[in-house]
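K.L.:
What follows is a single structure, and I will ask about it in a moment.
Bear in mind that the values in this text are calculations on the coordinates, not laboratory data. Here the structure is a predicted model, which means the values were calculated and not measured. Because the Cβ atoms are built from the backbone with ideal geometry, glycine has one as well, and the counts that use them run over all protein chains shown.
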Amino acid sequence: GTFKDETASLGLDKTEGFWNCITTTDLDGDGQLDLLVGNAGLNMKWQASEQKPITLFLDDYDENQQVDPIIFYWMQDRQVPFASKDKITGQLPPLKKTFTDYKSFTKAKDISGLTGKKEVLETKQVRELRSMAYLNKGASGFVGVPLPNIAQRSSIQDFAVDPESPGQIWYVGNYSGYVTELGVNKAQAGGILSEFGEQGFKTHQNLPLPLFSEARKVVPLGQGRFLVVRNNQQAIMLNKRK
């Protein structure tokens with residue numbers, strides 16, 4: 001057999017993101033498995049939407065038999081290169097003749113204006129940075145519901161459904177592996193989401209984790225205990241409040 005791309009027919013087209021994890025559970029009690037997906041969140045330099053995506057252009061711009069990545073993102077109402085003039089011209093020396101100063105570099109509003117190429121080998125886009133719930137509507141596909149704003153303060157790296165209270169969703173996150181220009185994403189180590197309704201989760205509770213710790217997994221162990229696995233740090237055992 002062969003796989004068929006059903007992304008668009010399921011309502012999941014134009015949802016490209018920096019997705020970290022995916023968990024299934026029945027959020028709305030209709031007997032269908034819904035999706036919980038962790039993303040980068042909104043506390044970062046980049047913003048993205050369907051109309052204003054982050055775009056990665058791949059091509060051998062200087063014809064040295066190596067593919068180079070160039071990223072553009074939206075700053076207010078115009079696209080700008082993510083990398084600085086010094087970094088781009090260092091990677092692509094021929095552009096030093098085109099951009100002799102920083103003022104000329106600021107005029108590059110798209111990949112054509114930057115490299116002179118109207119068509120590139122490959123293009124990738126990110127249109128969604130929010131962590132989301134996607135509700136399964138059967139033949140109608142999925143409907144996206146953003147997680148609460150407090151859960152968008154940082155990246156979400158993992159979810160766990162409380163086996164004793166399936167309506168409670170534990171999540172953990174934080175991430176510092178971005179390049180220096182993007183900074184760190186460490187403002188929300190984890191929380192518990194509950195009381196899912198038509199507008200999404202109504203209740204949020206912070207997990208008692210060090211604010212800047214970077215968690216990668218949260219594992220339910222039974223009897224109200226959860227193990228939080230951290231990046232290069234000792235794991236933490238949490239006990240659910242009675």
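K.L.:
Want the number for Leu33 to Gln91: 0.36 nm per residue separation, take away the alpha-carbon distance, what's left?
P.N.:
Full extension from Leu33 to Gln91 adds 16.2 nm.
K.L.:
Under a cut-off of 16 Å between alpha-carbon atoms, report the aspartates and glutamates in cross-link reach of Lys186, not counting same-chain residues fewer than 8 places apart.
P.N.:
Asp158, Glu214
K.L.:
I'd like the GluC sites (Glu not before Pro) in segment 81-167 restricted to DSSP loop residues with at most 14 other Cβ atoms within 10 Å, sorted by number.
P.N.:
Glu119, Glu164
K.L.:
Now, a different point. Enumerate the calculated ³J(HN,Hα) couplings along segment 204-220 in order (Karplus 6.51 cos²θ - 1.76 cosθ + 1.60, θ = phi - 60°), each rounded to whole Hz, writing x wherever the residue is Gly or Pro.
P.N.:
Once θ is set to phi - 60°, the couplings for segment 204-220 become 9, 9, 6, 7, x, 10, x, 3, 9, 5, 10, 9, 10, 9, 10, 10, x Hz.
K.L.:
Using packing as a proxy for protection, rank 64-76, 172-184 so that the peptide with the highest average count of other Cβ atoms within 10 Å comes first. Can you show the working numbers first?
P.N.:
Numbers: 64-76: 13.9, 172-184: 16.5.
Peptide ranking by packing, descending: 172-184, 64-76.
K.L.:
Then there's this: May I ask you to list the trypsin sites (Lys or Arg not before Pro) in segment 83-136 that are in a DSSP loop and have at most 16 other Cβ atoms within 10 Å of their Cβ?
P.N.:
Passing sites in segment 83-136 are Lys107, Lys109, Lys117, Lys118.
K.L.:
Quick check: residue separation of Leu10 and Thr100 times 0.36 nm, minus the Cα distance between them. What number comes out in nm? Display every interim value, and only then the final one.
P.N.:
Numbers: separation 90, 0.36 × 90 = 32.40 nm, distance 4.85 nm.
Difference between extended and current length: 27.5 nm.
K.L.:
Here is a follow-up. Go through segment 27-42 residue by residue and turn each phi into a ³J(HN,Hα) via Karplus (6.51, -1.76, 1.60, θ = phi - 60°); whole Hz please, and just put x for glycine and proline.
P.N.:
Rounded to whole hertz, the list is 6, 9, x, 9, x, 9, 6, 9, 10, 10, 10, x, 10, 6, x, 9.
K.L.:
Next up: Efficiency by 1/(1 + (r/R0)^6): what FRET value for Val219 and Glu63, r their Cβ-Cβ distance, R0 = 45 Å, to the nearest 0.05? Numbers along the way, then the final one.
P.N.:
Working: r = 50 Å, r/R0 = 1.10.
Efficiency for this residue pair is about 0.35.
K.L.:
Oh, and also: Run down the lysines and flag those whose C-alpha is under 19 Å from the C-alpha of Lys109, throwing out any fewer than 8 positions away in its chain.
P.N.:
Lys45, Lys52, Lys85, Lys87, Lys96, Lys97, Lys117, Lys118, Lys124
K.L.:
Tell me, how many Å apart are the Cα centres for segment 44-83 and for segment 189-242?
P.N.:
Here the two parts' Cα centres lie 34 Å apart.
K.L.:
Here is a further query. What do you get for GluC sites (Glu not before Pro) in segment 1-51 restricted to DSSP loop and a cutoff of at most 11 other Cβ within 10 Å of the site's Cβ?
P.N.:
Details: sites: Glu6, Glu16, Glu50; in loops: Glu6, Glu16, Glu50.
Qualifying residues, ordered by number: Glu6.
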